[in-house]
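What follows is a single structure, written as C-alpha coordinates, with notes after it.
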Amino acid sequence: MLTKEQFESRLQRAKNICSRSEKCSFDIKQYLSKFEISELEIDKIINILIKEKYIDDSRYTQFYVNDKLKFNKWGKIKIRYSLNQKGISTAIINQSLNKIDEHLYLETLKNIILHKNKGLNKRNNIHAKAALVRFASSRGFEYDLIMKIVNELYK
(Lines give C-alpha, C1' and ligand atoms only; values in the text may rest on other atoms or scores of the structure.)
Protein backbone atom coordinates (compact mmCIF):
# COMPACT_ATOMS: atom_id res chain seq x y z
CA MET A 1 0.00 0.00 0.00
CA LEU A 2 1.33 3.40 -0.98
CA THR A 3 1.40 6.42 1.25
CA LYS A 4 -0.62 9.43 0.14
CA GLU A 5 2.57 11.20 -1.05
CA GLN A 6 3.70 8.15 -3.05
CA PHE A 7 0.26 7.79 -4.60
CA GLU A 8 0.23 11.48 -5.60
CA SER A 9 3.73 11.14 -7.00
CA ARG A 10 2.77 8.15 -9.18
CA LEU A 11 -0.41 9.94 -10.27
CA GLN A 12 1.60 13.03 -11.27
CA ARG A 13 4.08 10.88 -13.24
CA ALA A 14 1.20 9.25 -15.10
CA LYS A 15 -0.32 12.68 -15.83
CA ASN A 16 3.01 13.87 -17.20
CA ILE A 17 3.28 10.88 -19.52
CA CYS A 18 -0.28 11.33 -20.74
CA SER A 19 0.38 15.04 -21.34
CA ARG A 20 3.34 14.32 -23.61
CA SER A 21 1.64 11.82 -25.90
CA GLU A 22 -1.66 10.02 -26.30
CA LYS A 23 -1.83 6.88 -24.14
CA CYS A 24 -4.45 4.22 -23.51
CA SER A 25 -5.32 2.61 -20.18
CA PHE A 26 -3.22 -0.46 -21.06
CA ASP A 27 -0.08 1.65 -21.62
CA ILE A 28 -0.47 3.41 -18.29
CA LYS A 29 -1.21 0.15 -16.50
CA GLN A 30 2.01 -1.31 -17.94
CA TYR A 31 3.96 1.77 -16.88
CA LEU A 32 2.59 1.83 -13.33
CA SER A 33 3.13 -1.89 -12.80
CA LYS A 34 6.91 -1.21 -12.81
CA PHE A 35 6.56 0.64 -9.51
CA GLU A 36 5.24 -2.27 -7.43
CA ILE A 37 1.82 -0.69 -7.05
CA SER A 38 -1.18 -2.86 -6.23
CA GLU A 39 -3.82 -3.48 -8.89
CA LEU A 40 -6.33 -1.55 -6.82
CA GLU A 41 -4.11 1.54 -6.72
CA ILE A 42 -3.35 1.26 -10.43
CA ASP A 43 -7.07 1.14 -11.14
CA LYS A 44 -7.62 4.19 -8.91
CA ILE A 45 -4.97 6.14 -10.82
CA ILE A 46 -6.38 5.10 -14.18
CA ASN A 47 -9.91 6.07 -13.12
CA ILE A 48 -8.66 9.50 -12.04
CA LEU A 49 -6.84 9.93 -15.37
CA ILE A 50 -9.97 8.95 -17.29
CA LYS A 51 -12.15 11.26 -15.22
CA GLU A 52 -9.74 14.17 -15.79
CA LYS A 53 -9.56 13.35 -19.54
CA TYR A 54 -5.87 12.43 -19.55
CA ILE A 55 -6.84 9.01 -20.92
CA ASP A 56 -9.55 8.41 -23.49
CA ASP A 57 -9.34 5.05 -25.23
CA SER A 58 -11.53 6.12 -28.16
CA ARG A 59 -9.41 9.23 -28.77
CA TYR A 60 -6.24 7.12 -28.45
CA THR A 61 -7.62 4.55 -30.89
CA GLN A 62 -8.44 7.19 -33.49
CA PHE A 63 -4.89 8.60 -33.36
CA TYR A 64 -3.40 5.10 -33.36
CA VAL A 65 -5.37 4.03 -36.44
CA ASN A 66 -4.42 7.17 -38.36
CA ASP A 67 -0.74 6.93 -37.42
CA LYS A 68 -0.38 3.23 -38.23
CA LEU A 69 -2.05 3.67 -41.60
CA LYS A 70 -0.20 6.85 -42.55
CA PHE A 71 3.30 6.18 -41.20
CA ASN A 72 3.61 2.40 -40.83
CA LYS A 73 1.40 1.54 -43.84
CA TRP A 74 -0.55 -1.05 -41.85
CA GLY A 75 -3.87 -2.47 -42.95
CA LYS A 76 -7.02 -2.83 -40.88
CA ILE A 77 -6.32 -6.43 -39.87
CA LYS A 78 -2.94 -5.64 -38.32
CA ILE A 79 -4.24 -2.46 -36.67
CA ARG A 80 -7.20 -4.36 -35.19
CA TYR A 81 -4.93 -7.09 -33.86
CA SER A 82 -2.56 -4.59 -32.29
CA LEU A 83 -5.39 -2.68 -30.60
CA ASN A 84 -6.91 -5.94 -29.34
CA GLN A 85 -3.55 -6.69 -27.72
CA LYS A 86 -3.86 -3.39 -25.83
CA GLY A 87 -7.29 -4.37 -24.49
CA ILE A 88 -9.24 -1.77 -26.46
CA SER A 89 -12.90 -2.75 -26.83
CA THR A 90 -14.11 -4.11 -30.15
CA ALA A 91 -16.75 -1.39 -30.43
CA ILE A 92 -14.14 1.38 -30.15
CA ILE A 93 -11.85 -0.38 -32.64
CA ASN A 94 -14.67 -0.82 -35.15
CA GLN A 95 -15.73 2.80 -34.78
CA SER A 96 -12.19 4.05 -35.49
CA LEU A 97 -11.57 1.65 -38.37
CA ASN A 98 -14.85 2.69 -39.99
CA LYS A 99 -13.64 6.30 -40.02
CA ILE A 100 -10.74 5.45 -42.35
CA ASP A 101 -11.05 7.15 -45.72
CA GLU A 102 -11.45 4.26 -48.18
CA HIS A 103 -9.71 6.18 -50.98
CA LEU A 104 -6.68 6.81 -48.74
CA TYR A 105 -6.72 3.17 -47.61
CA LEU A 106 -6.71 1.83 -51.18
CA GLU A 107 -4.04 4.34 -52.25
CA THR A 108 -1.83 3.23 -49.36
CA LEU A 109 -2.23 -0.41 -50.35
CA LYS A 110 -1.61 0.37 -54.01
CA ASN A 111 1.53 2.36 -53.17
CA ILE A 112 3.08 -0.34 -51.00
CA ILE A 113 2.35 -2.97 -53.65
CA LEU A 114 3.85 -0.83 -56.42
CA HIS A 115 6.91 -0.07 -54.30
CA LYS A 116 7.43 -3.73 -53.46
CA ASN A 117 6.86 -4.72 -57.09
CA LYS A 118 9.79 -2.54 -58.23
CA GLY A 119 12.20 -4.64 -56.20
CA LEU A 120 10.94 -8.03 -57.34
CA ASN A 121 12.52 -10.36 -59.84
CA LYS A 122 9.75 -10.50 -62.44
CA ARG A 123 10.82 -13.54 -64.44
CA ASN A 124 7.76 -15.40 -63.23
CA ASN A 125 4.48 -13.52 -62.78
CA ILE A 126 3.02 -16.20 -60.51
CA HIS A 127 5.91 -15.94 -58.06
CA ALA A 128 5.83 -12.15 -58.20
CA LYS A 129 2.08 -12.08 -57.52
CA ALA A 130 2.50 -14.50 -54.62
CA ALA A 131 5.27 -12.37 -53.15
CA LEU A 132 3.12 -9.24 -53.39
CA VAL A 133 0.15 -10.99 -51.78
CA ARG A 134 2.33 -12.28 -48.91
CA PHE A 135 3.87 -8.86 -48.40
CA ALA A 136 0.58 -6.96 -48.35
CA SER A 137 -1.00 -9.63 -46.14
CA SER A 138 1.84 -9.28 -43.66
CA ARG A 139 1.04 -5.58 -43.51
CA GLY A 140 -2.53 -6.45 -42.49
CA PHE A 141 -4.49 -5.65 -45.63
CA GLU A 142 -7.53 -7.66 -46.68
CA TYR A 143 -7.00 -10.44 -49.21
CA ASP A 144 -9.75 -9.36 -51.62
CA LEU A 145 -8.34 -5.82 -51.87
CA ILE A 146 -4.83 -7.15 -52.33
CA MET A 147 -5.92 -9.48 -55.14
CA LYS A 148 -7.85 -6.71 -56.87
CA ILE A 149 -4.79 -4.44 -56.98
CA VAL A 150 -2.30 -7.21 -57.83
CA ASN A 151 -4.52 -8.43 -60.68
CA GLU A 152 -4.84 -4.88 -62.04
CA LEU A 153 -1.05 -4.56 -61.91
CA TYR A 154 -0.46 -7.80 -63.82
CA LYS A 155 -3.13 -7.45 -66.54
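The values are calculated or read from the model by the stated rules, or taken from the named source; none is laboratory data. Keep in mind that this is a model prediction, so the values were computed, not measured. Glycine gets a Cβ as well: all are built from the backbone with ideal geometry, and neighbour counts include every protein chain shown.
Here are Lys76, Lys99, Lys129, Lys116: which of them is touching a residue at least 40 places away in the same chain (Cβ under 8 Å) and not β-branched (Val, Ile, Thr)?
Result of the check over Lys76, Lys99, Lys129, Lys116: Lys76.
In the range 1-18, which residues are touching a residue at least 24 places away in the same chain (Cβ under 8 Å) and within 16 Å of Asn47 (Cα to Cα)?
Phe7, Arg10, Leu11, Ala14, Lys15, Cys18
Go through the range 60-101 and report how many residues are more than 14 Å from Phe26 (Cβ to Cβ), of a type outside the set (A, V, I, L, M) and over 10 Å from the mean Cα position of the chain (by Cα).
Residues meeting the conditions: 10.
Residues in the range 14-47 that are touching a helix residue (DSSP H, G or I) at 6+ places or on another chain (Cβ under 6 Å), closer than 19 Å to Lys4 by Cα and among the small types (Gly, Ala, Ser): how many?
Total satisfying the criteria: 1.
Kindly indicate whether Lys23 is modelled with pLDDT of 95 or more, among the basic types (Lys, Arg) and in a loop (DSSP other than H, G, I, E, B). Spell out the reasoning first.
Numbers: modelled with pLDDT of 95 or more: yes; among the basic types (Lys, Arg): yes; in a loop (DSSP other than H, G, I, E, B): yes.
In short, yes.
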